[in-house]
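Colleague: The structure is given below, and queries will be raised subsequently.
The values are calculated or read from the model by the stated rules, or taken from the named source; none is laboratory data. All values reported here derive from a predicted model rather than from experimental measurement. So basically every Cβ, Gly included, is an ideal-geometry build from the backbone, and we count neighbours across all protein chains shown.
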Amino acid sequence: MGEFAEGLADFFVLLAGLYGATVAIYFLLGHGITWLNNRNPERRIQKNRRGEKRKAAEIRLSLASILVTCLSVAIGLFAQDRGWAMQPWAFSWWTAVPLFLLCMVLFDTWFYFAHRLLHTRYFYKYHLEHHRSVAPTVWSNDSIGLVDTALSQGFYAVIVFIVPFPPVILLANRLFDQINGTFGHAGFEYFASKTARYPSPMLCTTYHDQHHAEFKYNFANYFSFWDRMLGTISPLYDRRVETFEKEAPAISLKLDEQVPEGRKTRP
């Protein structure tokens, strides 16, 4: 009993650490990107919609869903530590990049098909709350239901039994996903470029913003290849990215004032 209790205590310490760190990152990113958005109003993607009024509701739901995400990560890391999962590969700086890229590809695959499942008739009720944010904001990334979160973030609890990623790679992917998801829901475009449209598989904020606005397109998370291969990419995506490339004003980082919406600040 003592060993079991000690193991349970270790698990909850791990879970608490992951949760505290993720909540801190959630608020730091949220306030930081909001500060940037306020200084670049003309980079707003959906010009005639405002999602900020849902901020309080999104934060409340996010604090619950982040716990489910961290539970998935904690299960994976704890299973590795206890020897229940596959023995992790040794980590080295020579293998860090290829392992991280492999983890990204596998996570993106998991996310795409889980996301498609959540848009089916029988599962959409679990995903509905996330789509109340038609114009997403930085607070929308984790504003999803608990079943929804378990399906989309369950990757971390499962992958350790299939691919022996070192814990640092799983944690790096989780951190990157949090940053990527927050920018992906920010509602303002900073990354439109040739690298974010065909033939590149990379994305920019417009990609997921279109998913919220148009509902039936753009289900992937990191890359566009699953959507392109299976015909679920928005037919307007590449054109909108190219248009934004050409027309977006310069990014303002002024500390003393916000740029009034409607004023153009071209280079």
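Colleague: Give the residue, chosen from GLU58, GLU42, GLU52, that is of a type in the set (Asp, Glu) and within 19 Å of ASN180 (Cβ to Cβ).
Modeller: On the way: GLU42 fails: within 19 Å of ASN180 (Cβ to Cβ); GLU52 fails: within 19 Å of ASN180 (Cβ to Cβ).
None of the other options fit; the residue is GLU58.
Colleague: Next up: Kindly list the number of the only condition in (1) farther than 19 Å from PHE191 by Cβ; (2) surrounded by fewer than 18 Cβ atoms within 10 Å (Cβ to Cβ); (3) over 19 Å from the mean Cα position of the chain (by Cα); (4) touching a residue at least 24 places away in the same chain (Cβ under 8 Å) that fails for LEU8.
Modeller: (4)
Colleague: Sticking with this one: Looking at this structure, is LEU15 surrounded by fewer than 19 Cβ atoms within 10 Å (Cβ to Cβ), more than 19 Å from the chain's Cα centre (by Cα) and closer than 18 Å to GLN153 by Cα?
Modeller: On the way: surrounded by fewer than 19 Cβ atoms within 10 Å (Cβ to Cβ): yes; more than 19 Å from the chain's Cα centre (by Cα): yes; closer than 18 Å to GLN153 by Cα: yes.
Against the criterion (surrounded by fewer than 19 Cβ atoms within 10 Å (Cβ to Cβ), more than 19 Å from the chain's Cα centre (by Cα) and closer than 18 Å to GLN153 by Cα), LEU15 qualifies.
Colleague: Given (1) assigned to a helix (DSSP H, G or I); (2) without any contact (Cβ under 8 Å) to a residue 24 or more places away in the chain, where does ILE33 come up short, assuming only one miss?
Modeller: (2)
Colleague: Return the only residue of LYS216, LYS254 being assigned to a loop (DSSP other than H, G, I, E, B), farther than 21 Å from PRO41 by Cα and at pLDDT below 95. Show your work before the answer.
Modeller: Details: LYS254 fails: farther than 21 Å from PRO41 by Cα.
The conditions single out LYS216.
Colleague: Please work out if VAL134 is more than 27 Å from PRO235 (Cα to Cα), surrounded by fewer than 17 Cβ atoms within 10 Å (Cβ to Cβ) and among the β-branched types (Val, Ile, Thr). Spell out the reasoning first.
Modeller: Numbers: more than 27 Å from PRO235 (Cα to Cα): no; surrounded by fewer than 17 Cβ atoms within 10 Å (Cβ to Cβ): yes; among the β-branched types (Val, Ile, Thr): yes.
Taking the combined requirement at face value, the residue does not satisfy it.
Colleague: What is the number of the single condition among (1) assigned to a loop (DSSP other than H, G, I, E, B); (2) surrounded by fewer than 21 Cβ atoms within 10 Å (Cβ to Cβ) that ILE233 does not meet?
Modeller: Exception for ILE233: condition (2).
Colleague: Go through region 198-213 and give me each residue that's surrounded by 22 or more Cβ atoms within 10 Å (Cβ to Cβ) and in a loop (DSSP other than H, G, I, E, B).
Modeller: If the condition is that a residue be surrounded by 22 or more Cβ atoms within 10 Å (Cβ to Cβ) and in a loop (DSSP other than H, G, I, E, B), then LEU203, CYS204 are the ones that fit.
Colleague: Report yes if THR243 is β-branched (Val, Ile, Thr), outside any helix (DSSP H, G or I) and either surrounded by 15 or more Cβ atoms within 10 Å (Cβ to Cβ) or modelled with pLDDT of 90 or more (or both), otherwise no.
Modeller: No.
Colleague: Same structure, new question: So which residues in region 36-50 are closer than 19 Å to VAL134 by Cβ and not in a helix (DSSP H, G or I)?
Modeller: ARG44, ILE45, GLN46, LYS47, ASN48, ARG49, ARG50 - these are the residues of region 36-50 that are closer than 19 Å to VAL134 by Cβ and not in a helix (DSSP H, G or I).
Colleague: It is to be established whether one or more residues within region 55-76 are assigned to a strand (DSSP E or B), more than 21 Å from ALA172 (Cβ to Cβ) and either out of contact with any His (no Cβ under 8 Å at 6 or more places or on another chain) or without any contact (Cβ under 8 Å) to a residue 12 or more places away in the chain (or both). It would help to see each step written out before you state the result.
Modeller: Start the filter on region 55-76 by keeping residues that are assigned to a strand (DSSP E or B), which leaves none.
No.
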